[in-house]
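Comments concern the structure below.
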Amino acid sequence: MKKISRCLILSILVAVILTTALSACASPSSVEGTFFAMDTVMTIRYTGEEKLLSECGKIISDLEKKLSVTDKGSLIYALNEKKEPIRDEEVVALVKKSLELSTLTSGMFDPTVYPLVKLWGFTTGEYKVPTEEEIEALLPYIGKDKVSATTDVVTASEGAQIDLGGIAKGYLSDVLRERLIINGVKSALLNLGGNVTAIGDKDGSGWKIGIKNPLGEGYFGIVNVSDEAVVTSGLYERHFVSDGKKYGHIIDPTTGSPVENDLLSVTVVGKSGTECDAFSTALFVMGREKATVFLKEHRIDAVLYTNDGVLYTEGLQGRFSLQPNFSSLPCEVIRW
Ligand code: AMP
Ligand code: MG
């Protein structure tokens, strides 16, 4: 999959389906397109001018070309492998935002985890459980203080490497959303591999977004949103099994190993896709107890699927519901 993505490099429009016949009249059409980028399938649906779809495709491929950790031509690759400073305004701003969110989450969201992501094989798909020594040898290179982002340049200290995979799709969803809105789109649903963003309120009733069952098929819950992002991080995403144990792609920067706690998935709901994305990753690392404290402290709306049930924040009351076949799951509200 990864290799295919490298070859095709996100820029390739896999399929474009115009759900309404192209007519000569200027009235907006219902447009849908699917792209393969950032190692995932991305679907964009909106009501508006069809030419916006190719603009979205270009935004997607341009951003992937800048941020990919594997594409030898990317800015992140050049920083990671050749210590070339990054001066691209957009990437500098995104790295700065990542470092701020790292501070806010006490380092649980950490864009410098890349050496560990690589060590465990999540970049290549050649998974392995490393030795303690191998992990410990990399820990000195992890931490936001290993990267500097001033107003116009990003640099990394010796051995440090950046991976914006925990925030890139959320950021991309914000950029696409903005582009659609300034071009008059009032109704859209963007699904960037589990990072969902809604524009408008779907005829006044709100968009109903399913939250994936982390233990199998289907959706365990539905959240109703208008003009918001719904971002999930979970164990069901990229992972491997070794000696019967499951290892997921989200790394606890304090231990250097994939997260192992009482959470199976975290879904964050909010206005900023960028922040929701970083928070979902960070909350997943924190575990139920710390995540609950963090959500209350910052009044962030989220749904936590834990070992023993589902928790959702007060702000989602009346907007979150369990699917009928999951109604026996214990469900509790996190009060502010
Ligand atoms: P997400 O699916 O948004 O939770 O992001 C997971 C991706 O972010 C992984 O595939 C890694 O590329 C990267 N990552 C892993 N652990 C962390 C972490 N603790 N902080 C930030 N990014 C991470
Ligand atoms: Mg994330």
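The values are calculated or read from the model by the stated rules, or taken from the named source; none is laboratory data. In this text the structure is predicted, and so the values were computed from the model without any measurement. Counting neighbours? That spans all protein chains shown, and the Cβs are built from the backbone with ideal geometry, glycine included. We work out accessible area using only protein heavy atoms, side chains counted, and drop any ligands, DNA or RNA first. Shrake-Rupley method; radii C 1.70, N 1.55, O 1.52, S 1.80 Å.
About the Cα centre, and with charges only on the beta carbon of Lys, Arg (+1) and Asp, Glu (-1), how big is the dipole of region 197-300? Nearest 20 debye, please.
Using only the charged Cβ atoms, the result is roughly 100 debye.
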Q) On full extension of the chain, what length is gained from Lys82 through Thr131, given 0.36 nm per residue of separation minus the C-alpha to C-alpha distance? A) 15.0 nm
**Q.** Accessible area of region 41-334 divided out per residue, in Å², using a probe of 1.4 angstrom
**A.** 43
(Q) Using protein chains only and a probe of 1.4 angstrom, how many square angstrom of Ser54 are accessible, to the nearest 10? (A) 80
Q. Cα centroids of region 95-117 and region 270-319: how far apart, whole angstrom?
A. 18
**Q.** Nearest-10 value in Å² for the accessible area of Val266, using the 1.4 Å probe
**A.** 0
Q) Tell me, what ³J(HN,Hα) does each residue in region 308-320 have, in order and in whole Hz, if you take phi through Karplus 6.51 cos²θ - 1.76 cosθ + 1.60 with θ = phi - 60° and put x for Gly and Pro? A) 10, x, 10, 10, 9, 7, 3, x, 9, 4, x, 10, 10
Q. Mean Kyte-Doolittle of at least -1.0 and a Cα length of 18 Å or more along the axis: which whole DSSP H helices of the chain meet both?
A. 51-67, 89-104, 168-182, 273-286
Q | Amide H within-cut-off set for Thr306, under 5 Å, with H built and near neighbours excluded | A | Leu264, Leu311
Q: Using only alpha carbons, build the gyration tensor for region 243-290 and give me the equivalent ellipsoid semi-axes, biggest first, whole Å.
A: 22, 11, 10
(Q) Given N residues in region 41-334, what is its alpha carbon radius of gyration divided by 2.2 N^0.38 Å? (A) 0.99
Q: Please work out how much accessible surface Leu75 shows to a 1.4 Å probe, ignoring ligands, DNA and RNA, in Å² rounded to 10.
A: 60
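Could you tell me which of the pairs Lys66/Lys96; Lys128/Lys245; Lys72/Lys97 are separated by over 20 angstrom between their Cα atoms in the structure shown?
From Lys66/Lys96; Lys128/Lys245; Lys72/Lys97, over 20 Å: Lys72/Lys97.
State to the nearest 20 debye the size of the charge dipole of region 41-334 about its Cα centre, where the only charges are +1 on K and R beta carbons and -1 on D and E beta carbons.
Using Cβ point charges on Lys, Arg, Asp and Glu, region 41-334 gives about 560 debye.
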Q. What aspartates and glutamates sit close enough to Lys202 to cross-link, taking a C-alpha to C-alpha distance under 15 Å and skipping anything fewer than 8 places away on the same chain?
A. Asp227, Glu228
Q.
Between region 184-232 and region 129-170, what is the separation of their alpha carbon centroids in Å?
A. 31
Q: Return the carbon/sulfur percentage of the accessible area of the chain, one whole number, probe 1.4 Å, all protein chains in place.
A: 51
Q: List every residue whose amide H lies under 5 Å from the amide H of Tyr219, counting only residues 5 or more places away in sequence or on a different chain, with H placed 1.01 Å from N in the peptide plane.
A: Asn213
Q.
Could you put Glu136, Glu90 in order of accessible surface area, largest first, with the 1.4 Å probe and the full protein assembly present?
A. Glu136, Glu90
